[in-house]
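Beneath this line is the structure, given in structure tokens, with notes to follow.
The values are calculated or read from the model by the stated rules, or taken from the named source; none is laboratory data. Owing to the predicted nature of the structure, the values given are computational and were not obtained by experimental measurement. Cβ atoms come from the backbone with ideal geometry, glycine included; neighbour counts cover every protein chain shown. What goes into the accessible areas is simple: the full protein's heavy atoms, side chains included, and nothing from ligands, DNA or RNA. Shrake-Rupley method; radii C 1.70, N 1.55, O 1.52, S 1.80 Å.
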Amino acid sequence: MSEAISTQFVVGAYAAVPADPEPRDEFYRLLAAESWVTGLELPFPGDLVEDASGVSARLVPGWTSALTLIPGTMQRVSADPSFGLASGDDSGRRAALDFVERARRGVLDLADACGRPAVGTVLVHSAPTGRASADAFRRSLDDLRGRDWAGALLAIEHCDRFDPARACEKGFLSLDTELAVAREVGVGVHLNWGRSCLDDRDPEAPLDHVRATAAAGLLVGLVFSGASGLPTRYGEAWCDGHLPLSSDEPASEMTASHVAACAAAARTSPVLRYLGAKACVPSELTPAERVALVRRIYLATQPS
């Protein structure tokens, strides 16, 4: 196995950003001053749709960010259960391809606004819920790989798999199926600690996922975001609530030791591009306290 490239660290700042403009700007200024931050995990749709120049202003020169399509994907699945890149329904799959094309144009617009490629990885998903087809997903990814992404790599962001025996948060394809598709098509795989935890409702599951994906030579990114089997201020039990570390939210299953073990396993991937953190925060925290909460996740990823 070849040596992994230098690992960057991206922050899903949109989960922790203050609601009001002035503290929001301060939060982004403080985050930009942190030497360990090398990019953002950007949501799509979001500001990128209408204000690429505004997004570019938040990005430090030299940062390389990731773009996740999960917010828009779930909005559309809620409105149309056949929507998704893995849909066996032709109209649902075409609608998803059109949605991803709009994201691609956003990536190009951001590159123009920054004067350089600013997005290194674009995260796509094996929707729809409960009816995803590996073959349909493969065909969609084959199509998308042939488009101009301003140098960005497409990667499958794994979410909890469909299980007819219980309620699902996302209910997409299993990790094993996604790994097989990724290998065949030639794209990477991105993991989120909390979403892997939800997959089996087990805090040990993320480490298994990281090891399997790294061993397959497909793990390009790992973002740490917590989950809980109990209701919390962040949502119901086993929701995709982006909880912080257990030191900041005692009900969170994501402990510093879990983060450390997964980060170490991730670094064995020959294609790892970045680690990251995405955590919701209590609304009363100041911008500096929000940055400190995210920093604690970063510190847990660092070798002792």
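Just the residues that are closer than 20 Å to residue 281 by Cα and in contact with a strand residue (DSSP E or B) (Cβ under 6 Å, 6 or more places away or on another chain), please, taken from the range 245-270.
249, 251, 252, 254, 259
Within the range 264-304, count every residue that is in a loop (DSSP other than H, G, I, E, B) and within 21 Å of residue 29 (Cβ to Cβ). Steps first, please.
First, the residues of the range 264-304 that are in a loop (DSSP other than H, G, I, E, B): 267-273, 278-286, 302-304.
The next check asks that each one be within 21 Å of residue 29 (Cβ to Cβ); those that pass are 278-286.
The number of residues fulfilling the criteria is 9.
Looking only at residues in the range 248-263 that are touching a residue at least 24 places away in the same chain (Cβ under 8 Å) and in a loop (DSSP other than H, G, I, E, B), which one is farthest from residue 197 (Cα to Cα)?
The residue in question is 248.
Considering each residue of the range 217-247, count those that are open to solvent by 10 Å² or more (accessible area, probe 1.4 Å) and more than 22 Å from residue 9 (Cα to Cα), and give that number.
The total comes to 11.
Going by what's in this entry, would residue 150 be described as of a type in the set (Gly, Ala, Ser) and on the phi > 0 side of the Ramachandran plot? Reasoning before the result, please.
On the way: of a type in the set (Gly, Ala, Ser): yes; on the phi > 0 side of the Ramachandran plot: yes.
Yes; evaluated as a whole, the condition is true for this residue.
For the condition under 17 Å from residue 36 (Cβ atoms), open to solvent by 20 Å² or more (accessible area, probe 1.4 Å), of a type outside the set (Asp, Glu) and in contact with a Lys or Arg (Cβ under 9 Å, 6 or more places away or on another chain), what is the one hit in 256, 260? Walk me through how you get there before you give the answer.
Details: 260 fails: in contact with a Lys or Arg (Cβ under 9 Å, 6 or more places away or on another chain).
Exactly one residue qualifies, and that residue is 256.
Applying the selection to the range 263-298, what residues are among the charged types (D, E, K, R) and open to solvent by 10 Å² or more (accessible area, probe 1.4 Å)? Even if it seems obvious, please write down each step before you answer.
Quick first cut of the range 263-298, residues among the charged types (D, E, K, R) only: 267, 273, 278, 284, 289-290, 295-296.
Selection gives 267, 273, 284, 289, 290, 295, 296.
Tell me which residues, restricted to the range 86-106, are in contact (Cβ under 8 Å) with a residue 24 or more places away in the chain, polar (S, T, N, Q) and open to solvent by 10 Å² or more (accessible area, probe 1.4 Å).
Within the range 86-106, no residue meets the criteria.
Kindly provide the set of residues from the range 53-112 that are over 25 Å from residue 171 (Cα atoms) and in contact with a Pro (Cβ under 6 Å, 6 or more places away or on another chain), ordered by number.
Passing the criteria: only 111.
Which one is surrounded by the most Cβ atoms within 10 Å (Cβ to Cβ) among residues in the range 55-85 that are touching a helix residue (DSSP H, G or I) at 6+ places or on another chain (Cβ under 6 Å) and farther than 19 Å from residue 129 by Cα?
Top of the filtered list is 55.
Taking the residues in the range 29-47 that are at pLDDT 95 or above and part of a helix (DSSP H, G or I) as candidates, determine which candidate is surrounded by the most Cβ atoms within 10 Å (Cβ to Cβ).
Restricting to residues being at pLDDT 95 or above and part of a helix (DSSP H, G or I), the top hit is 31.
Could you list, in sequence order, the residues of the range 208-229 that are touching a Phe, Trp or Tyr at 6+ places or on another chain (Cβ under 9 Å) and of a type in the set (A, V, I, L, M, F, W, C)?
Once the filter is applied, which keeps residues that are touching a Phe, Trp or Tyr at 6+ places or on another chain (Cβ under 9 Å) and of a type in the set (A, V, I, L, M, F, W, C), the range 208-229 yields 210, 220, 222, 223, 224, 227.
May I ask you to list the residues in the range 199-214 that are assigned to a helix (DSSP H, G or I), open to solvent by 10 Å² or more (accessible area, probe 1.4 Å) and in contact (Cβ under 8 Å) with a residue 24 or more places away in the chain? If you could, list the steps in order and put the result at the bottom.
Going residue by residue through the range 199-214, those that are assigned to a helix (DSSP H, G or I) are 199-200, 205-214.
Narrowing the set further to residues that are open to solvent by 10 Å² or more (accessible area, probe 1.4 Å) leaves 200, 207-209, 211-212.
Scanning the range 199-214 gives 207, 209, 211, 212.
I'm trying to understand the selection: among the residues of the range 155-171, which are open to solvent by less than 10 Å² (accessible area, probe 1.4 Å) and within 26 Å of residue 105 (Cβ to Cβ)? Steps first, answer last, please.
Of all residues in the range 155-171, those open to solvent by less than 10 Å² (accessible area, probe 1.4 Å) come to 155-160, 171.
Answer for the range 155-171, where residues must be open to solvent by less than 10 Å² (accessible area, probe 1.4 Å) and within 26 Å of residue 105 (Cβ to Cβ): 155, 156, 157, 158, 159.
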